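What follows draws every value from the coordinates through simple rules; no lab data is involved. The structure displayed is predicted, hence computed values, not measured ones.
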Amino acid sequence: MSVLSYIILTLSGLGMSASAIGTALAVNGVWTIACQLLLLNRIRRYFGIALAFKILSFAWIPLWFMLPMLRSVLEATESPVSAQSVYDPVRFGEERGWATSIGVNLVLSFVSVIGMANSLLMVLVNFSCPDQTAYGAVNGISTAVGCMARVVGPSLVSAVSICCVVVSQG
């Protein structure tokens, strides 16, 4: 998400400043804490652990369809800067308007709700332990694998996304 927000506008990003991205992520951090404290236990009780995990994991799919819409919100709500020549791509000013900022925060809020699947996964891992003496080993292995996936996944997706955008720009 941060890479999409920072990529220069000619590469189909949002062109947000580092401080705007930081503010959005800070607001999202507070929202994530609120979701974990206020919603997680209710979701777990209502759906059950396994079904809630499946539903929240499945919700990542609509998120990938929501991300490109942020560029459409930017183009629909902000006025482009006048072009220097006919061949210049569409450019926007340095500051992002409220509509784009709200769109970014809504997507990040959705990510926070979906991210509760990680907490439910830890509960599922604990329930899968054969006996209480294996909790440490099972949690250690699952945490290591989860952390490795969180390191490799976003890096790989960001690199592939940027390569695709650069290749499509010619």
TODO: Find how much the distance from Tyr135 to Trp98 grows on full extension, using 0.36 nm per residue of separation minus their present alpha carbon separation; answer in nm with one decimal.
DONE: 8.6 nm
- [ ] Under 1.5 on a/c is rounded, so check that first for segment 114-170, then, if it is not, pick prolate when a/b is larger than b/c and oblate when it is not; a ≥ b ≥ c are the square roots of the alpha carbon gyration tensor eigenvalues.
- [x] prolate
- [ ] Can you tell me how much longer the chain between Leu38 and Leu51 gets when fully stretched, taken as 0.36 nm per residue apart minus their C-alpha distance, in nm with one decimal?
- [x] 2.8 nm
TODO: Apply the Karplus parameterisation 6.51 cos²θ - 1.76 cosθ + 1.60, with θ equal to phi minus 60°, to every residue of segment 97-103 and state each ³J(HN,Hα) to the nearest whole Hz, in sequence, with x for glycine and proline.
DONE: x, 5, 4, 5, 5, 5, x
